[in-house]
Every structure is written in C-alpha cells, then in structure tokens.
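The values are calculated or read from the model by the stated rules, or taken from the named source; none is laboratory data. As the structure is a prediction and not an experimental result, all values here were calculated from the model. Cβ coordinates were reconstructed from backbone atoms using ideal geometry, including for glycine residues, and neighbour counts include every protein chain displayed. These area figures cover heavy atoms from the full protein model, side chains too; ligands, DNA and RNA do not enter into them. Shrake-Rupley method; radii C 1.70, N 1.55, O 1.52, S 1.80 Å.
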Amino acid sequence: QVQLVESGGGLVQPGGSLRLSCIASGGIFSSSDMAWYRRAPGQRRELVAIITSGGNTNYADSVKGRFTISRDNAKNTVYLQMNSLEPEDTAVYYCHVDRAREIRGWGYDYWGQGTQVTVSS
C-alpha cells in the first residue's frame, strides 16, 4: 500500500531555511502530481506548492520566490526548500500525491502524516 513519509520539519528563526522531504513507497509515481499543503493553527488547509509528473510547478502567492518544490523520480521523493521563513509559515506541512499505480490498480488521494514547521525567535 502507498505510504508517504515526511521529514525535515522543526523550529527555525525568522529568515531561516528548512528543507522538507517526502518519500513515497508502495506504488509507481511517475504519473503522479505531488504537492505540499499546510495547515496553520485555526486555519484551513491550503496548497503551498505542486509539481506535476511533467515537472511543471505552481505556488501559493504567499510563498512565491521563497519556496521551491522539486522531485526526484528515481527516489520517489518530493522536496520543499523553504527560504526566508516567516512566522506566518508556521504550520503542519503535509505531502500529497494525487494518484499512484498499486498492485491492485490505481489509487487516489494519498496524504502523509505531516511534519511541524515552527518559525519563531
């Protein structure tokens, strides 16, 4: 079965950087769009960045120019490089995969368990 495991979260000072990683397993992801979402306390979950199977990217306006999403298909891994972090970036960050080819066929809408990012001095 498909599993998504995030890592790389933590506590960082404003202006600092973090890199999140999400390793996908249990399926074939070459045709998958992969994305990062976040949920801040008391807020709705929002899309942060997405990278398509073809490598096209899109970002939330609030992170454009500061965050970069990338993927390594050989490692089934998606990354989120976060620079110039602000307190407003504090949230739980979730990895998402839209679909994957599993042994039993196509599956859809997979989520990781989340990793906490806290930006504070």
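Summary of computed values
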| quantity | calculated |
| --- | --- |
| Single unsatisfied condition, Gln113 versus (1) in contact (Cβ under 8 Å) with a residue 40 or more places away in the chain; (2) buried (at least 21 other Cβ atoms within 10 Å of the Cβ) | (2) |
| Neighbours by Cβ (under 9 Å, 6+ apart or cross-chain): first from the stretch 24-41, more than 19 Å from Thr57 (Cα to Cα); second open to solvent by less than 10 Å² (accessible area, probe 1.4 Å) and among the aromatic types (Phe, Trp, Tyr) | Arg39/Tyr93 |
| The stretch 28-64: number of residues that are open to solvent by 90 Å² or more (accessible area, probe 1.4 Å), within 15 Å of the chain's Cα centre (by Cα) and under 21 Å from Ser7 (Cα atoms) | 2 |
| Condition check for Gln43: farther than 20 Å from Asp109 by Cα and part of a loop (DSSP other than H, G, I, E, B) | yes |
| From Val63, Val2, Val12, Val48, residue being over 18 Å from Trp111 (Cβ atoms) and in contact (Cβ under 8 Å) with a residue 40 or more places away in the chain | Val12 |
| Which numbered condition Lys75 misses (of (1) over 13 Å from the mean Cα position of the chain (by Cα); (2) open to solvent by less than 70 Å² (accessible area, probe 1.4 Å); (3) more than 18 Å from Tyr93 (Cα to Cα)) | (2) |
| Residue ID - farthest from Asn83 (Cα to Cα), chosen from residues in the stretch 1-26 that are open to solvent by less than 60 Å² (accessible area, probe 1.4 Å) and β-branched (Val, Ile, Thr) | Val2 |
